[in-house]
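Derivation of every value follows stated rules applied to the coordinates shown; laboratory data play no part. Here the structure is a predicted model, which means the values were calculated and not measured. Virtual Cβ from ideal backbone geometry, glycine too; neighbours counted across all protein chains shown.
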Amino acid sequence: MSPEIFRSQIAALTSSIAGRPLDAALDTWLNAQHGAGSATFHALKASCEAGVAAGWLCNREGGGIRYGRIFKPADDLHGFSVDVVDMTDIAGPHHGHPNGEIDLVMPLEGDARFDGRPAGWLVCPPGSAHRPTVSQGRALVLYLLPQGAIEFTR
């Protein structure tokens, strides 16, 4: 596994969601087509685990959270940036999503949930905000942000 292979996996996924509204319909579609148990889910989870183990994912740490932006928004990623976080029973910093956010929840230990959601996808619409929280264990969470837009609350 390498960052280049991971990027091609993300590009294949983002090509199928490019231009779609970030809403409940996309949440439902992602979980039906690429949800927990799917080949896409297993491939992305394996890539993220390998990237963390190799040190090119989640290579920063702050406040008990390992994190890192692996890719800035780019044409081949259909305008999405890509971040991955490694969280264990913790709430992260409050932030807003001007353009929305697409999250892939990948439990690693326990029955980990992200904002109450189990393994799979969570789509946050434009203008939403949250304090990202992993409970009941440890999870990796992949974030796709349109144009990389995120606004941390002071």
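Semi-axes of the stretch 1-65's equivalent ellipsoid from the Cα gyration tensor, sqrt of 5 times each eigenvalue, largest first, rounded to whole Å?
24, 15, 12
Quantify how much of the Cα-Cα distance distribution of the stretch 96-154 extends past 19 Å, in percent.
On the way: 495 of 1711 pairs.
More than 19 Å apart: 29 percent of the Cα pairs in the stretch 96-154.
Per q in 0.10, 0.16, 0.18, 0.19 1/Å, what log10 I(q)/I(0) does a Debye calculation on the alpha-carbon atoms of the chain return?
These q points yield log10 I(q)/I(0) values of -0.30, -0.83, -1.10, -1.26.
So what's the net charge close to T14: Lys and Arg +1, Asp and Glu -1, counting the other residues with Cβ under 12 Å from its Cβ?
0
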